[in-house]
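K.L.:
Below is the structure I would like to discuss, written out as structure tokens.
The values are calculated or read from the model by the stated rules, or taken from the named source; none is laboratory data. Since we're looking at a predicted model, the values are computed, not measured. Using ideal geometry, Cβ is built from the backbone for each residue, glycine included, and neighbour counts are taken over all protein chains shown.
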Amino acid sequence: MSGPDVVVIGGSAGGIKALRGIFETLVDIGNTVVFVVLHRAPQYAGLDQVLQGYTAIPIREPTSSPYACTPGEVILAPAGYHLLAGNDRRRSTEPQTPIEQYETGPGVRAHLTLDPPILCSRPSLDAAFSSAAQLVNSVTAVLLSCASEDGARGCEDVKGAGGRVVLQDPDSCEAAMAVNAALRVVDPDHIADPRGIGQWLSEACG
């Protein structure tokens, strides 16, 4: 089943600085859907405008759920909401049954929830990564600087589902707790500083 590749980037303390480094070397994401999830409290709005100052790639913050994602755009998790990645659903072409059937399509949607915080955070990196692991699309999880272990379990889920995991080099992190936790449970496909991650993603997306 064809569909856009999906990249989920997650971080916390030091994450905005890391994203700037990524965007400085990631100039084109092609037909890829990129999700960005950063820990932040509900009152901290305007992050989409800050990040847009680092890149010409369109950055969208969903205002509805589900939100249909357009390949070639960056989807930013709104403050105070978990962002879950899901595939679209289409009416089945199979013969009709008493109950109408649906099948999974390759399109990508963002779902926003107010479920309880995970590891004291909403949005949660684990929630975003683990939901992406269930997509029919090719998935890459990118874990950045973070002052908790949020994201490590999600990286494990992505890797277990056949996806790829990219980690920020711990030596370049302001807070390496999440990356170090991920290194204990997964064998990453790539480790680099933010600019190196951007270069790697440029090749992967191309």
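K.L.:
Taking the stated definitions as given, is D171 assigned to a loop (DSSP other than H, G, I, E, B) and surrounded by fewer than 16 Cβ atoms within 10 Å (Cβ to Cβ)?
P.N.:
It is false that D171 is assigned to a loop (DSSP other than H, G, I, E, B) and surrounded by fewer than 16 Cβ atoms within 10 Å (Cβ to Cβ).
K.L.:
Criterion first (over 16 Å from V37 (Cα atoms), assigned to a strand (DSSP E or B) and either touching a residue at least 24 places away in the same chain (Cβ under 8 Å) or under 12 Å from the mean Cα position of the chain (by Cα) (or both)) does N137 satisfy it?
P.N.:
Criteria not met by N137.
K.L.:
Continuing with this model, one more query. Within segment 25-46, which residues are farther than 24 Å from R109 by Cβ and either at pLDDT 95 or above or among the hydrophobic types (A, V, I, L, M, F, W, C) (or both)?
P.N.:
T25, V27, A41
Here's the yes/no breakdown for (1) among the polar types (S, T, N, Q); (2) part of a loop (DSSP other than H, G, I, E, B); (3) within 17 Å of D193 (Cβ to Cβ):
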{"residue": "K17", "(1), (2), (3)": "no, no, yes"}
{"residue": "E24", "(1), (2), (3)": "no, no, yes"}
{"residue": "D48", "(1), (2), (3)": "no, no, no"}
{"residue": "T55", "(1), (2), (3)": "yes, yes, no"}
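K.L.:
Could you tell me how many of the residues in segment 70-91 are touching a residue at least 60 places away in the same chain (Cβ under 8 Å) and part of a loop (DSSP other than H, G, I, E, B)?
P.N.:
1
K.L.:
Any residue at all in segment 104-113 that is without any contact (Cβ under 8 Å) to a residue 60 or more places away in the chain and either in contact with a helix residue (DSSP H, G or I) (Cβ under 6 Å, 6 or more places away or on another chain) or in a loop (DSSP other than H, G, I, E, B) (or both)?
P.N.:
The answer is no; no qualifying residue exists.
K.L.:
Could I ask something else about it? Return the residues of segment 118-134 that are part of a loop (DSSP other than H, G, I, E, B) and surrounded by 15 or more Cβ atoms within 10 Å (Cβ to Cβ); say none if nothing qualifies.
P.N.:
Within segment 118-134, L119, R122, P123, S124, A133, Q134 meet the criteria.
K.L.:
(1) small (G, A, S); (2) under 23 Å from R153 (Cβ atoms); (3) buried (at least 18 other Cβ atoms within 10 Å of the Cβ): which one isn't true of G80, the others all being true?
P.N.:
(3)
K.L.:
While we're here: Determine whether V74 is out of contact with any Cys (no Cβ under 8 Å at 6 or more places or on another chain), under 28 Å from E149 (Cβ atoms) and at pLDDT 95 or above.
P.N.:
Spelling it out, V74 is indeed out of contact with any Cys (no Cβ under 8 Å at 6 or more places or on another chain), under 28 Å from E149 (Cβ atoms) and at pLDDT 95 or above.
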